[in-house]
Amino acid sequence: MALGIDLDRLPRHVAIIMDGNGRWAQSQGLKRLLGHRKGYRVLKDVLLNCSELGIEALTTYAFSAENWRRPFEEVTGLMKLIEDAARTELQGLVANNVRCRVLGRLDELPEGTRNALAALVQTTKDNTGIIFSLAVNYGGRAEIVDAVKRVIDDGLDAANVTEEALSARMYAPDIPEPDLLIRTAGEMRWSNFLIWEAAYAELYVTQTSWPEFDEAELLKALRAYQARFRKFGGLGTS
Ligand code: IPE
Ligand code: IPE
Ligand code: MG
């Protein structure tokens, strides 16, 4: 309990809606893109923290299916940042034994971003450490639609369309569902993130913006999680 957390009761899978980059940049008199750049550095640290704690999976929301509505300059800047980050971090992620995954409709991404992300996934696929998923052009409803299309392609009868059948056709069926969903920058909403998988996740919202998030904030969220009583619709006795 050195960190005030019980290392035997960690969430297996932590998901984060990394929000507030723009507001943070604005508060510093900086352009929004510089907020995203700072957010990228924070993500590097948080991934390392999660890996060192022994958390099995971390999934972070980098670009939503709805974020295309932003100004062209911000969208292209984010795509370039993701591409550059994927290329720059590749060797370090390999060295840290991180297994990278990407969730979202990747065929709609600019070619450079798509290729850099594909290389990251391919090169790290046999690593055995934390599974790090980046949600890019990700929408929870789009993911459910894609799963339904696969159910139809697979020729399932209505009787066989079960929750398990749909779960098995989501973007990452092999990763345990998120136990803890963190959102930074105070917004009390889901914004279409993992709406199928996080049905029973514990929610934790902090006022801290993503560029200001750090290990102490992560530990605070983990402590809050450990103080929760999960019941999954039952009485929580077994
Ligand atoms: C989150 O920060 C990053 C992305 C959505 C890409 P925002 O860019 O949404 O920051 P705010 O919410 O405008 O402050
Ligand atoms: C959610 O944040 C998407 C990401 C963090 C990538 P947004 O800033 O896009 O969400 P809304 O618009 O406030 O709901
Ligand atoms: Mg936002």
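Every number in this text was worked out from the coordinates using simple rules, so none of it is lab data. A quick note: this is a predicted structure, and the numbers were derived from the prediction, not measured. With ideal geometry, Cβ positions are generated from the backbone for all residues, glycine too; neighbour counts draw on all protein chains shown.
Mind running the shape call on region 1-133? Use the C-alpha gyration tensor, a ≥ b ≥ c as the square roots of the eigenvalues: rounded below 1.5 for a/c, prolate if a/b tops b/c, oblate otherwise. Verdict is oblate for region 1-133.
Distance between the modelled labels on residue 191 and residue 115, one decimal in nanometres: 3.0 nm (7 Å Cα→Cβ projection). Distance between the pseudo-spin-label points of residue 23 and residue 149 (7 Å out from Cα toward the beta carbon): 3.5 nm.
Calculate the FRET efficiency for residue 122 and residue 235 from the Cβ-Cβ distance with a Förster distance of 45 Å, rounded to the nearest 0.05.
On the way: r = 46 Å, r/R0 = 1.01.
For residue 122 and residue 235, the calculated efficiency is 0.50.
Scoring 202-214, 9-21 by mean Cβ neighbours within 10 Å over their residues and listing the highest first yields 9-21, 202-214.
Positive contributions from Lys and Arg (+1) and negative ones from Asp and Glu (-1), summed over other residues with Cβ under 11 Å from the Cβ of residue 4, come out at +1. What's the whole-number percent of alpha carbon pairs in region 119-234 lying beyond 17 angstrom? Distances greater than 17 Å cover 67 percent of the Cα pairs.
Judged by the mean number of other Cβ atoms found within 10 Å, the most tightly packed of the peptides 94-100, 61-67, 179-185, 38-44 leads the ranking 179-185, 61-67, 38-44, 94-100.
Just to be sure I follow the rule: in the chain, considering lysines 8 or more places apart or on different chains, how many pairs have Cα atoms under 22 Å apart?
Details: 31/44; 31/80; 38/80; 38/220; 44/80; 44/125; 44/220; 220/231.
Counting lysine pairs in the chain gives 8.
Dividing the C-alpha radius of gyration of the chain by 2.2 N^0.38 Å, with N its residue count, gives 1.02.
Using Cα pairs closer than 8 Å and at least 6 residues apart in sequence, work out the relative contact order for the chain, in percent.
Relative contact order comes out at 29 percent.
Here is what passes the span test in the chain: the DSSP H helices with alpha carbon length of 18 Å or more along the helix axis and a Kyte-Doolittle mean of 0.0 or above are 72-95, 140-153.
Sequence-distant contacts, meaning Cα pairs under 8 Å at least 6 residues apart, place the relative contact order of region 99-210 at 25 percent.
Between residue 157 and residue 45, 0.36 nm times their residue separation minus their Cα-Cα distance comes to what? Could you put the intermediate results ahead of the total?
On the way: separation 112, 0.36 × 112 = 40.32 nm, distance 4.63 nm.
Once the chain is fully extended between residue 157 and residue 45, it gains 35.7 nm.
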